[in-house]
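Okay, structure first, notes after.
The values are calculated or read from the model by the stated rules, or taken from the named source; none is laboratory data. Bear in mind the structure is a predicted one, so any value in this text is a computation, not a measurement. Cβ: placed from backbone, ideal geometry, glycine included. Neighbour counts: every protein chain shown. Surface accessibility is based on the protein's heavy atoms, side chains included, excluding ligands, DNA and RNA. Shrake-Rupley method; radii C 1.70, N 1.55, O 1.52, S 1.80 Å.
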Amino acid sequence: MRKMLLTLGAFTVVAATLIAPTTAAPSANKNLTQVAASSPQFSTLVSLLGKAGLVGALKKKGPFTVFAPTNAAFAKLPKATLQKVGNDPALLKKVLLYHVVKGKVPAATVVTLDGKSAKTLAGQPVKIAVRNGKVFLNGSTRVTKTDVMASNGVIHVIDRVLVPSS
């Protein structure tokens, strides 16, 4: 019985770590675009959203969940890939929509989706895995910060750009 309680206690600590929001205060009065634009770490993402004509889409009612790559995540892409995507409006839009899921999916829900997929607005699924207390998308992209709240959804920060299959 004691061993079971200790195991349950350890599980609770791990689960709390996984689902605890890592942001200070929600920005419930700002939409997803405004929240992203207010953080310098998303300047590349916001610029590309503008180039793709998607800024307005993320201002709509939603709700949406955005897996937002940081500037450092975009810097990991080969320059040729980033240039190709930047010069092809249809491809850029597809890549960016591959980072958005319809509905508000907070971290507490994401961790229950281990081994499942979520359909993105690009029409292709993103695979979700939970390993050693960390959430990964498509195997290697790690969620580094969760539950950045907005009036029309939630942002989860990721360390790599998700690239949909062709």
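Quick notes on this structure:
- Hits in the range 147-160 - residues which are open to solvent by 20 Å² or more (accessible area, probe 1.4 Å) and either under 23 Å from Pro63 (Cβ atoms) or assigned to a strand (DSSP E or B) (or both): Val148, Met149, Ser151
- Residue in the range 99-112 that is in contact with an Asp or Glu (Cβ under 8 Å, 6 or more places away or on another chain), open to solvent by 70 Å² or more (accessible area, probe 1.4 Å) and under 21 Å from Ser39 (Cα atoms) present: no
- Residues satisfying the stated conditions in the range 113-127, i.e. of a type in the set (Lys, Arg) and either open to solvent by less than 40 Å² (accessible area, probe 1.4 Å) or closer than 20 Å to Lys61 by Cα (or both): Lys119
- Some residue of the range 128-140 being in a helix (DSSP H, G or I) and open to solvent by 40 Å² or more (accessible area, probe 1.4 Å): no
- Taking the criterion of being open to solvent by less than 60 Å² (accessible area, probe 1.4 Å) and either acidic (Asp, Glu) or without any contact (Cβ under 8 Å) to a residue 24 or more places away in the chain (or both), the residues of the range 41-71 that qualify are Val46, Gly50, Val55, Gly56, Ala57.
- Test result for Ser38, of a type in the set (Gly, Ala, Ser), over 21 Å from Asp147 (Cβ atoms) and exposed (fewer than 15 other Cβ atoms within 10 Å of the Cβ): no
- Any helices (runs of 4 or more DSSP H) falling wholly within the range 41-124 and containing at least 2 residues that are closer than 14 Å to Gly153 by Cα: 107-110
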